[in-house]
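Written below as structure tokens is the structure these notes are about.
The values are calculated or read from the model by the stated rules, or taken from the named source; none is laboratory data. The structure displayed is predicted, hence computed values, not measured ones. Heads up, the Cβs are rebuilt from the backbone with ideal geometry, glycines too, and the neighbour counts pull from every protein chain shown.
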Amino acid sequence: MYKKHIKALENKVWLSSPTMYEDSMQYAMEAYNTNWMSTVGENINVLEKRVAELVGCKEAVALASGTSSIHLMTKLAGIKRGDKVFCTTLTFSATVNPLCYEGAEPIFIDSEYDTWNMDPKALEKAFELYPDTKYVLLVHLYGTPAKLDEILEICEKYGATLIEDAAESFGATYNGKQTGSFGTHNAISFNGNKIITGTSGGMLLTDSIKAAEKARKWSTQSRENAPWYQHEEVGYNYRMSNVIAGIARNQLDRLTTHIEEKKNIYYRYKEGLEGLPIQMNPFEEDKSNPNYWLSCLIIDKNYMARQVRSDKEYLYKQENGKSSPHEILDAIKSINAEGRPIWKPMHKQPIFMNYDFINRYGHAKAMTNAYISGGFIDERDNLPEDISMDIFSRGLCLPSDNKMTEEDQDKIIEVIRACFE
């Protein structure tokens, strides 16, 4: 158990904060100096062109956030009120909220252990239960690509449209192809904590020129081509500013560097924590190149100390040779570093609990946080019935800031190891 006194870090290590450089404001200042401060300008044009080329899609539309990008891609896909959408459950609520904006019905799909992403077997079962569903909203969790070969095959089999939330996985590849290019429409994020940042902002990606033109129109209040303000459909104030685009444009040159730095952090944790009863967040090594946005770990179920969670509070017991996510997070916090729990699955969020949740066996039983933290195993396949909740229960996100020094990371590793003593 963690009792060891380790001196706090002099400078706080964040989970993942913006990494800025001396020239980071170069293009943003050009926007300022030329007075192109609104939602048109050279920075937007260049950013869209370069991102489209990098990802390998025909069109990129610069928008105010990853969430606005997801919203417009759901509209472009044709999702409307009453439509069912199969959606990753182990994600942030920004994935699901845009479906609710349009009055659609999310049906949450369980995770698998190989990548922590949507389970293709659960997706197949969902189509058996809801064969008329025509949309799949896929997330690549923490920068790790999902099992795209299997998911694409299932979507093709049932005639469903795939759309990608690649907000966390910009720069990651699957079979040599960039995430954000597999769906009919896709979204990435330039939020302040992402692999590169504009401080905010996002991008809608598509191969359809017509869809991109529609997104640009919708994102600027759906103004018609007329001498006055003419509006014939609902619009949104979703366009990225030329200033934000300038910051993201500068960051784009650092994408490869940031991925390499994040990768080094991941493998330094993996090496430093070797021998402990934990596993780092996994990926398909023969197919995937993650962007390693966040390094995470999951504790082996036989070495989980007892813990319980309510909706807003937690309690754990310290046990020799064992630990729990919150014990580790509290220990990390005690030396001035920031971690966080794994995303709480959407089907366990109070706002979404009335929607269906499907695992590889079909309609899943509801289970409490305390119940799954006990490590319930389904004897049919030796797997928990709710894999996403099991990952949430036993997992945590480690400090993954690429400005963290090796000495800082060594101290964090030391603290984690002490939790299992």
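Which residue out of 19, 34 is touching a His at 6+ places or on another chain (Cβ under 8 Å), outside the structural domain of residue 320 (by TED's automatic domain parsing) and of a type in the set (Ser, Thr, Tyr)? Criteria check complete, one pass: 19.
Would you confirm, using the coordinates I've provided, whether residue 187 is within 22 Å of residue 50 (Cβ to Cβ) and within 12 Å of the chain's Cα centre (by Cα)? I'd like the intermediate steps shown before the answer.
Details: within 22 Å of residue 50 (Cβ to Cβ): yes; within 12 Å of the chain's Cα centre (by Cα): yes.
Here the answer is yes, as residue 187 does meet what is asked.
How many residues does the stretch 6-45 hold that are more than 30 Å from residue 417 (Cα to Cα), β-branched (Val, Ile, Thr) and crowded, with 17+ Cβ neighbours inside 10 Å? Working first, answer last.
Taking the stretch 6-45 first, the residues more than 30 Å from residue 417 (Cα to Cα) are 20-45.
Filter once more, keeping what is β-branched (Val, Ile, Thr): 34, 39-40, 44.
So of that shortlist, the ones also crowded, with 17+ Cβ neighbours inside 10 Å come out as 39, 44.
Residues in the stretch 6-45 being more than 30 Å from residue 417 (Cα to Cα), β-branched (Val, Ile, Thr) and crowded, with 17+ Cβ neighbours inside 10 Å: 2 in total.
Residues of the stretch 95-119 being outside any loop (DSSP other than H, G, I, E, B), out of contact with any Phe, Trp or Tyr (no Cβ under 8 Å at 6 or more places or on another chain) and surrounded by fewer than 21 Cβ atoms within 10 Å (Cβ to Cβ), which ones? Once the filter is applied, which keeps residues that are outside any loop (DSSP other than H, G, I, E, B), out of contact with any Phe, Trp or Tyr (no Cβ under 8 Å at 6 or more places or on another chain) and surrounded by fewer than 21 Cβ atoms within 10 Å (Cβ to Cβ), the stretch 95-119 yields 97, 100, 101.
Those helices (runs of 4 or more DSSP H) of the stretch 330-421 in which 3 or more residues are at pLDDT 95 or above and buried (at least 21 other Cβ atoms within 10 Å of the Cβ) occupy 387-394, 406-419.
Considering the conditions (1) assigned to a helix (DSSP H, G or I); (2) surrounded by 14 or more Cβ atoms within 10 Å (Cβ to Cβ), residue 302 is excluded by exactly one of them, (2).
Which is in contact (Cβ under 8 Å) with a residue 60 or more places away in the chain, in the same structural domain as residue 189 (by TED's automatic domain parsing) and touching a His at 6+ places or on another chain (Cβ under 7 Å), of 76, 72?
Numbers: 72 fails: touching a His at 6+ places or on another chain (Cβ under 7 Å).
Every option except 76 fails the conditions.
Just one residue in the set 166, 172, 211, 187 is assigned by TED's automatic domain parsing to the domain that holds residue 74, over 25 Å from residue 343 (Cα atoms), buried (at least 18 other Cβ atoms within 10 Å of the Cβ) and in contact with a strand residue (DSSP E or B) (Cβ under 8 Å, 6 or more places away or on another chain); that residue is 211. Taking the stretch 134-148, which residues are of a type outside the set (Phe, Trp, Tyr), in contact with a strand residue (DSSP E or B) (Cβ under 8 Å, 6 or more places away or on another chain) and assigned to a helix (DSSP H, G or I)? Scanning the stretch 134-148 gives 141, 148. Of all residues in the stretch 132-148, those that are under 20 Å from residue 74 (Cα atoms) and touching an Asp or Glu at 6+ places or on another chain (Cβ under 7 Å) total 6.
Among residues of the stretch 97-108 that are of a type in the set (D, E, K, R), those with a Cβ under 9 angstrom from a residue that is in a helix (DSSP H, G or I) and surrounded by 21 or more Cβ atoms within 10 Å (Cβ to Cβ), sequence gap 6+ or separate chain, pair up as 102/71; 102/74; 105/99. Within the stretch 306-328, the only residue that satisfies the criterion of being under 18 Å from residue 389 (Cβ atoms), of a type in the set (A, V, I, L, M, F, W, C) and in contact (Cβ under 8 Å) with a residue 40 or more places away in the chain is 308.
Residues are listed down the side, and each one gets a yes or a no for (1) among the charged types (D, E, K, R); (2) touching a helix residue (DSSP H, G or I) at 6+ places or on another chain (Cβ under 8 Å):
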| site | (1), (2) |
| --- | --- |
| 260 | yes, no |
| 282 | no, no |
| 287 | yes, yes |
| 299 | no, yes |
| 306 | yes, yes |
| 323 | no, yes |
| 327 | yes, yes |
| 338 | yes, yes |
| 353 | no, yes |
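Could you check, for the stretch 124-133, whether at least one of its residues is in contact with a strand residue (DSSP E or B) (Cβ under 7 Å, 6 or more places away or on another chain) and under 23 Å from residue 343 (Cα atoms)? Please lay out each step first, then the result.
Initially, the stretch 124-133 is screened for residues in contact with a strand residue (DSSP E or B) (Cβ under 7 Å, 6 or more places away or on another chain), giving 125-126, 129-130, 133.
In the following step, the residues that additionally are under 23 Å from residue 343 (Cα atoms) were identified as 126.
Yes; the residues of the stretch 124-133 include at least one that is in contact with a strand residue (DSSP E or B) (Cβ under 7 Å, 6 or more places away or on another chain) and under 23 Å from residue 343 (Cα atoms).
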